[in-house]
Amino acid sequence: MTAPPAPPTVALAGSQRADVVVVGAGYTGLSAALHLAEGGAGVVVVEAAEVGFGGAGRNVGLVNAGMWVMPEALVEVLGSEYGERLLDFLGNAPRAVFDLVERHGIACEAETSGTIHCAVGAKGLRELEDRAAQWQRRGAPVELLTAAQMADKVGTSAYAGGLLDRRAGTIQPLAYARGLARAAMAAGARIFTGSPVLSTEKTGGGWTVRTPAGDVSADWVVVATDAYSSGPWAAIREEQVHLPYFNFATEPLSEAARAEILPERQGAWDTKEVLSSFRFDRAGRLVFGSVGALKGAGAAVHRAWARRALKRLFPRIGDVRFEAEWYGLIGMTSDNLPRFHKLDRNVLSFCGYNGRGIAPGTVFGRALASHILGQVGEQDLPLPLSMPENPPFRAAKEAYYEVGAQLAHLAGARL
């Protein structure tokens, strides 16, 4: 409804030759393609569906810094060298997004006033106090907010406090993906949609990637399909537990409501296990979401919960009509941290964004381009090399997430 149209593309037909074939037209793949093309490489992107079809187009739109994992816990898992490197890398990632938006004139409703993590109760406030202290020790521009300050900045008294991260912001996520595609094509990348990869073959010193009606031969393969991976790289999907997440977009709210709710236009989300998120679009629609899939019985449960939750948070807006609804899948890794895989010779992938796809995907794609162009070595990338590993009880966990979300929303759990 609100994104500019995607650039015209067609399905791959016949044979193509490139230096790099990028599989997947989401944030990682499009960023890699853009930076590779700008660096002089010949690039072909093949996408199974359309630009931004997966996690990119279904995203909440929060351009956050860092990961869900606390900074100190991240360092404990990865070690000091990679841990501090990744924190610095992702701490600066939102700035990279907004720089690309500005440099390429991407019309994606970018807002750079930050994001707010909302504390639910005393437990949530303790979590945010710890998170704020850990980031502040690293010099990050984050600020702990009191309940009174939250009432002013968010427009509700529901929260015990909050954490304002001034590095962050919001975008219209599908518009950003389509804008990256336009920029990559303008730089010389060739993008083919409706072209799922069916098979791969080593050919000489490189690879041939085959789709239903064509093939691409290249020296390098970037696998940028993340939680929606299938076919030859299904192992990337299988190492992640799918967490469904939905969004509803209200009709444009009144001027009075828009002046009261998120008046500085930050994006927001809370500390609950079954979390909620919300932000405005430029037309004044409130985009409100939570964990769950809008399918089967879940569609009615989550829709009714969203209406109740909005009335609790912002009682003055009254009953609102939803103009749009959608959901997608977040890929969760076992430790909630992303992965760097070398799937074969010259076949590379960053994946496992755990609900933080916009900024990490952008800078991880740029990092892959820098490595392939010979600008940085593998040892200088922000993550250590690993191989995909299947988590135990993946199917059971995925069923638990959806059933648990329905039960929580059916009960109308306390905000």
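The values are calculated or read from the model by the stated rules, or taken from the named source; none is laboratory data. Everything numeric here is computed off the predicted structure, so don't read it as measured data. All Cβ positions, even for glycine, are placed from backbone atoms using ideal geometry, and neighbour counts span all protein chains on display. These accessible areas exclude ligands, DNA and RNA; they are computed on the full protein's heavy atoms, side chains included. Shrake-Rupley method; radii C 1.70, N 1.55, O 1.52, S 1.80 Å.
With all protein chains kept in place, the per residue accessible area of region 1-127 amounts to 38 square angstrom at a probe of 1.4 angstrom.
Counting protein heavy atoms only, region 314-386 has 46 percent of its accessible area on carbon and sulfur, 1.4 angstrom probe.
Computed over protein heavy atoms with a 1.4 Å probe, the carbon and sulfur contribution to the accessible area of region 1-144 reaches 51%.
Checking every one of the trypsin sites (Lys or Arg not before Pro) in region 85-147 against DSSP loop status and a limit of 12 other Cβ atoms within 10 Å picks out Arg137.
If you take the alpha carbon atoms of region 65-116 and fit the smallest convex hull around them, that volume is 84 Å³ per residue. Of the GluC sites (Glu not before Pro) found in region 352-415, the ones in coil according to DSSP and having at most 14 other Cβ atoms within 10 Å of their Cβ are Glu389. Modelled spin labels at Asn92 and Val403, positioned 7 Å past Cα toward Cβ, are 4.7 nm from each other. Legend: residue pairs Lys123/Lys397; Lys272/Lys397; Lys123/Lys311; Lys295/Lys397, Cα-Cα distance threshold 22 Å; pairs beyond threshold, Lys123/Lys397; Lys123/Lys311. For region 241-325, the C-alpha radius of gyration divided by 2.2 N^0.38 Å, with N the number of residues, is 1.07. Computed over protein heavy atoms with a 1.4 Å probe, the accessible surface of region 278-415 works out to 43 Å² per residue.
Straight Cα distances below 16 angstrom link Lys342 to the lysines Lys202, with same-chain residues fewer than 8 positions distant left out.
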